[in-house]
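A.B. asks: My structure is below; once you've seen it, I'll send some questions.
Every number here is computed from the coordinates shown, using simple stated rules; none is lab data. Note that the structure is a prediction, hence the values are computed from the model and not measured. Virtual Cβ from ideal backbone geometry, glycine too; neighbours counted across all protein chains shown.
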Amino acid sequence: VEQFNNKKLAAEAAVTYIKSGMTVGLGSGSTVNWMLKKIGELVQDGLTIKGIPSSIKTETLAREYGIPLTDFSNVTTIDLAIDGADEIDDQLNLLKGGGGSLVREKIVDAMASELIIIADQSKIVSQLGAFSLPVEIVPFGFELTARNIAELGGVPTLRKKDNRVFVSDNGNYILDCKFDNIQNPKRLHEKLKLLVGVVETGLFVGMTDKLIVARNGKIETLVN
Ligand code: DER
C-alpha cells in the first residue's frame, strides 16, 4: 500500500499559487479532484476566485464544494489553469484525455496565462505513447476518420463506457489510438488535427508552464 497520497500532495501544492481575485481554469481527473476539495475549503475561509470548469464532472464537483463558477461569456482571460495528465515527457509535453475531457481541457488550458500540471511520479515518461492517444472525433463518418488515423500509424479503438459508445461532453466520440512511441508529438498532433472529422487530440504540446510532481511524499516543481 502506498504510504503517501502523492496525487493529493501535488494537488494541494498547486493550490498555493491561487490568489484571491483570480479566474482559475479547473482541470479534470482524480488528481484535480483533490485540488477542487482544497479550493472548496479555502473558499470557505474567504478565498475569492471564479472557476472555469473543463468538464461537466469538474463543474458538478466544484459546485458541490461551493467553488464560485463563471464562463467565457463573463471572462476573456484565465489567470491560472491547473490540470492533470496521463503522461508527461521531459519537455513537459502532455498526453491527456484518459478521462475523456481533452477538448474542454485544451480550450481552458490554452486560454490560461499560466498552466500548472499536477501529477504523481507514475505520469513521468521519457517518451509519450505507452498510453493510447485519445482523439476526439465527430461521430458522423467516424469509421473513415479511424481509417485515416490508422494510415498515420495508430491503432484506433472506439472508446466505450458501460458497453455503450462513450459520448463526450461535446457530443463526440473518442478514438484511443495506440501509436507506441511518439517521437515527435508536435508533428503527430498537426497531422492528426488536419484530418477531416478530427476535433482535437490529447497531445498538449508546448503548453505547460509549471509541473508539480509528488514522488514518495516529496514535491518536485519544474518550471518550463
Ligand atoms: O483526461 C485527462 O487528461 C485527465 O487530466 C486525467 O487523465 C488525469 O489523470 P488523473 O485522473 O490520474 O489525474
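A.B. asks: Running a GNM on the chain with Cα contacts under 10 Å, which residue among Glu59, Glu190, Glu114 ends up with the highest mean-square fluctuation?
C.D. replies: Between Glu59, Glu190, Glu114, it is Glu190 that shows the largest mean-square fluctuation.
A.B. asks: Can you tell me how region 90-157 classifies by the Cα gyration tensor, rounded, prolate or oblate, using a/c under 1.5 as the rounded cut?
C.D. replies: oblate
A.B. asks: Among all stretches of the chain without exposed chymotrypsin sites (Phe, Trp or Tyr not before Pro) (DSSP loop, at most 12 other Cβ atoms within 10 Å), which one is longest?
C.D. replies: 141-224
A.B. asks: With a ≥ b ≥ c the root eigenvalues of the C-alpha gyration tensor of region 1-121, is it rounded (a/c under 1.5), prolate (a/b larger than b/c) or oblate?
C.D. replies: Judged from the Cα gyration tensor, region 1-121 comes out oblate (a/c at least 1.5, b/c at or above a/b).
A.B. asks: Ignoring everything except DSSP H segments at least 4 long, calculate the 222 nm mean residue ellipticity for the chain; use -39,500 (n - 2.57) per segment, divide by total residues, nearest 500.
C.D. replies: -8500 deg cm²/dmol
A.B. asks: Another question, then. For the chain, what proportion of DSSP beta bridges, expressed in % and rounded to the nearest 5, is antiparallel?
C.D. replies: 55 percent
A.B. asks: Taking Cα centroids, how far is region 1-62 from region 91-162 in Å?
C.D. replies: 22 Å
A.B. asks: Using only alpha carbon positions, build the gyration tensor of the chain, then give the equivalent ellipsoid semi-axes as the square roots of 5 times its eigenvalues, largest first, whole angstrom.
C.D. replies: Over the Cα atoms of the chain, the semi-axes work out to 29, 20, 16 Å.
A.B. asks: Related question: With a/c under 1.5 counting as rounded, go ahead and sort region 133-224 into rounded, prolate or oblate using the C-alpha gyration tensor (a ≥ b ≥ c being the square roots of the eigenvalues; past the cut-off, prolate if a/b is larger than b/c, else oblate).
C.D. replies: It comes out prolate by the Cα gyration axes.
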